[in-house]
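My questions will all concern the structure given below.
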Amino acid sequence: MTQIATIHAAFAGHVHTALDALEAAGTIPAGLNRAAVTLEPPRDPAHGDLATNAAMVLAKGAGMNPRALAEALVGELNRLDAVTAAEIAGPGFINLRLHPAVWLAELRAIAALGADYGRSAMGGGSVVNVEYVSANPTGPMHMGHCRGAVVGDALASLLEFSGHKVIREYYVNDAGGQVDVLARSAHLRYREALGETVEIPEGLYPGDYLVPVGQALAQEFGDRFVTAPEREWLAPFRARAVSAMLDQIKDDLALLGIHHDLFSSEAELQAAGKPEQAEKWLRTHDLVYDGQLEAPKGKAVEDWEPVELPLFRSTRFGDDQDRPIRKSDGSWTYFGADLAYHFQKAASADALVDIWGADHAGTVKRIKAAVAAMTGAEGKAPKPFEVKLVQMVQLMKGGQPFKMSKRAGNFVTLADVVEMVGKDVVRFTMLTRKPEAQMDFDFDKVVEASKDNPVFYVQYAHARIRSTLRKAAAEGFAPAPDDLDLLGEEELALVKLAAQFPRLVEAAAAAREPHRVAFFLHDLAAAFHAYWNLGNDRPEKRFIVAQDGKLTAARLYLASQIGQLVSNGLALLGVEAVEEM
């Protein structure tokens, strides 16, 4: 990939060069910590193109009044040919106005980098493990899993685009009681496949999705396990049912364009003795001890008996109480197994991100404490670990909660929804709100062809650009960068917005927030559509001005690069940039 310094990176460099000059002149002392110095677009475009807080955050260390430092810094910045004005605002902020040639150069940079515009080396090749979905392997994917799946997958793509190596991981919870329930449910379908009339009792999985599993078991085993005791068939039925469900889950996720690098089995983790190894390590480092939990609040003493359990010292890391890693019968608590799993993950990654449903909020503090303990022992800095909580999605149709039940039993499957509205609609919609915010997925609105539908609005911007380029080609016009100085302020405003993409990508990756990309795309699409609409009343503002070939070529070049930006952003979200609508 050709490396081209994008505009924000270049001018951040100019600010630091100006600070270097002030150091060399003795205006400010050497060695000031510049970590808090920022360069970003001002909230109000009328204030300029870029703004820096350098004088504000360095003044104290420099022993200067912020405005005095700002005046010295403005003197250096005004030396730059690319700066038409450097102005002090308020107590010491500095606003920069840039020469139009700077923005035209950025437009050419978009063209030069193409699909790589916005790609960053920020991650430095560090490895980030992103675990997402991790639904119990007891049935097909349903819409309760969808939002976390999309958020996790888009985050993984965003981190890769920002220079990280990413491990996409799915943790298979195949060691708990739910997979025994699955095996018993499959046994009923197995008997059904052999001709028996069965009723699914409460507590087992009723969905028709287990019918083919039962048929496969009948074909493999015949009537061998029809009347056999459970201890003889539970393990093989469990293994085959889990395998079948994982195949179904992978197929369902593939409908959304989601593919994991690694499926880690809880059962295999326990069979390999990983929890025991983790406990031994924790005891060696005085992070697990044998003790008793406090009596649960609100319960009478006679309802509770103190039991000595191995407890993890999670209070050392901000938790409100120490947590048991084993139950009184010696089996692992969910936390104990999860702790060992994260210990395993951390061994092959520099940072961890988990995407969980909001119903897991209560366990965040303890697992973060465990990861901090295990990765930060012996004087090492703990490995970065974040848990992103995703709220449930309320399905709506016709203004009413929507319920649909086919083969699933009692929930709406992911496959059903993708079939109804399409992959792109599902993926983009899941990123139109912050994941911690509640979301309504309205089947009517998400397919509506209007500006109120962000999926349509963004894809239509790309389709409109492609249509314009096809029409121009038919009339003998083509994009060209030769006369970009013909572009005016309204066109440059589009470039200025587009130029924020590289900075946006890095900020979104650092914050682990892929929805920021969707928000940016909506803003860019809105700006493009607004400019397009100028031509409805002012023919001279149209992209194709038949009597002016040079201006037409310049505007088509602009349109082509805006289309490239929309395509780049949609690719990060796993959404197609359509050619026509």
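Going by alpha carbons, how many degrees (0 to 90, nearest 10) lie between the helix axis of 100-113 and the longest principal axis of the chain?
Relative to the chain, helix 100-113 is tipped by roughly 40 degrees.
Let me ask you something else. Students often check this: by mean Cβ neighbours within 10 Å, which of 337-343, 395-401 ranks highest, and how do the rest follow?
337-343, 395-401
When 238, 555 are ordered from fewest to most other Cβ atoms inside 10 Å of their Cβ, what list results?
Ranking 238, 555 by Cβ neighbours within 10 Å, fewest first, gives 238, 555.
Calculated from DSSP H runs of 4 or more alone, at -39500 (n - 2.57) each and per residue, what is the 222 nm mean residue ellipticity of the chain, nearest 500?
-15500 deg cm²/dmol
What net charge do the residues around residue 459 carry, taking every other residue with its C-beta under 9 Å from that of residue 459, with Lys and Arg at +1 and Asp and Glu at -1?
-2
Direction-averaged shadow area of the convex hull around the Cα atoms of the chain, nm²?
Reported value for the Cα convex hull: 35.3 nm².
Rounded to the nearest angstrom and ordered from largest down, what semi-axes does the equivalent ellipsoid of segment 450-573 get from its C-alpha gyration tensor (root of 5λ)?
27, 15, 13
Okay, moving on. May I ask for the distance between the Cα centers of segment 445-497 and segment 336-361, given as a whole number of Å?
Computed from Cα coordinates, the inter-centre distance equals 43 Å.
Another question about this same structure. Taking the Cα atoms only, what angle lies between the long axis of helix 211-221 and the longest principal axis of the chain, rounded to 10 degrees?
That helix lies at roughly 50 degrees to the long axis.
Give me Rg/Rg_expected for segment 306-445, where Rg uses Cα atoms only and Rg_expected = 2.2 N^0.38 Å with N residues.
1.38
Would you work out if segment 7-84 is rounded, prolate or oblate? Take a ≥ b ≥ c from the square roots of the eigenvalues of the alpha-carbon gyration tensor; rounded if a/c is under 1.5, else prolate when a/b is larger than b/c, oblate otherwise.
Prolate is the answer for segment 7-84, as a/c is 1.5 or above and a/b outweighs b/c.
If you fit an axis through the alpha-carbon atoms of helix 549-573 and take the longest principal axis of the Cα set of the chain, what angle between them do you get, 0 to 90°, nearest 10?
The angle comes out near 20 degrees.
Please compute the length gained on full extension between residue 471 and residue 436, using 0.36 nm multiplied by the number of residues separating them and subtracting their Cα-Cα distance.
This chain segment gains 8.3 nm when fully extended.
Taking the Cα centre as origin and putting +1 on Lys and Arg beta-carbons and -1 on Asp and Glu beta-carbons, what dipole magnitude results for the chain, to the nearest 20 debye?
560
Could you point to the residue in 72, 41, 559 farthest towards the positive end of the chain's charge dipole, with +1 and -1 charges on the Cβ of Lys/Arg and Asp/Glu respectively?
Selected residue: 72.
Assuming a ≥ b ≥ c are the square roots of the Cα gyration tensor eigenvalues, decide whether segment 134-238 counts as rounded (a/c under 1.5), prolate (otherwise, with a/b larger than b/c) or oblate.
In terms of gyration-tensor shape, prolate.
Using the 10 angstrom Cβ neighbour count as an exposure proxy, how do 260, 285, 142 rank, fewest first?
The fewest-first ordering by Cβ neighbours comes to 285, 142, 260.
Take the alpha carbon gyration tensor of segment 48-113, find the square roots of its eigenvalues, order them as a ≥ b ≥ c, and report rounded if a/c is under 1.5; if not, report prolate when a/b exceeds b/c, else oblate.
prolate
Since every read-out is calculated from the coordinates, none of them should be taken as a lab result. This structure is a prediction, so every number in the text was calculated from the model and none was measured. A quick note on method: Cβ atoms are made from the backbone with ideal geometry, for glycine too, and the neighbour counts reach across all protein chains shown.
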